[in-house]
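Inspection log for the structure reproduced underneath, given as structure tokens.
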Amino acid sequence: MRCFLLITFLVIANISFGQSSITTIDFVKIKHNKRAEALYFYENNWKVFRDIALKNDFIKSYKLLTTVADSAANFDLMLITEYADSTQYKLNEERFQQIIKATRPDGLKLLNELKPNDFRQIVFFKRTETLFSAESTKGKRRKKGFE
């Protein structure tokens, strides 16, 4: 009986606490007004790789956000990749290397032959863990009033 209770507790704990998603965010500064080169790079490489990863359930989601750099936050882009759990996150480097080798065996697609270090600087990187979240239910059948 004690063994059963212990196993039940561990399963519930894993479901409740072990399933939080991991999100990584790269904060990117575009250098030397090379916005066209940066956006071309991200659309033709970063996005392509993440579309493949999404299709293969290697990641949960991704976003590329643009912002206006200011004195408090000196970056122009935020590259966000969400992983379903820590296991997916731990495998990300290996999986993305496989995707890159299969998709771009001759190298990355670049605009004006500029290498990434010529048009962008990763100001900083953050890894986050979701504590709680919600998504819109718009379009789904809902009860009237509050629940």
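The values are calculated or read from the model by the stated rules, or taken from the named source; none is laboratory data. This is a predicted model, so every value here is computed, not measured. Backbone-built Cβ (ideal geometry, glycine too); neighbour counts: all protein chains shown.
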| field | Scan of segment 18-41 for residues that are in a strand (DSSP E or B) and basic (Lys, Arg), ordered by number | value | LYS29
| Residue under evaluation PHE96, criteria (1) free of Cβ contacts under 8 Å to residues at least 12 places away in the same chain; (2) under 20 Å from ILE80 (Cβ atoms), criterion not met | (1)
| remark: Going through segment 107-130 in order, the residues found to be under 23 Å from PHE58 (Cα atoms), modelled with pLDDT of 95 or more and in a loop (DSSP other than H, G, I, E, B) are GLY107, LEU108, LYS109
| query | Do we find that LEU77 is under 16 Å from ALA38 (Cβ atoms), at pLDDT 95 or above and under 14 Å from the mean Cα position of the chain (by Cα) in this structure? | reply | yes
| request: Go through the residues of segment 58-73 one by one and say whether even a single one is of a type in the set (Gly, Ala, Ser), in a helix (DSSP H, G or I) and out of contact with any Gly (no Cβ under 7 Å at 6 or more places or on another chain). | output: no
| Mind checking which pairs have a first residue in segment 38-54 that is under 19 Å from GLN121 (Cβ atoms) and a second that is among the charged types (D, E, K, R) and surrounded by fewer than 18 Cβ atoms within 10 Å (Cβ to Cβ), Cβ under 6 Å, 6 or more apart or different chains? | ASN45/LYS109
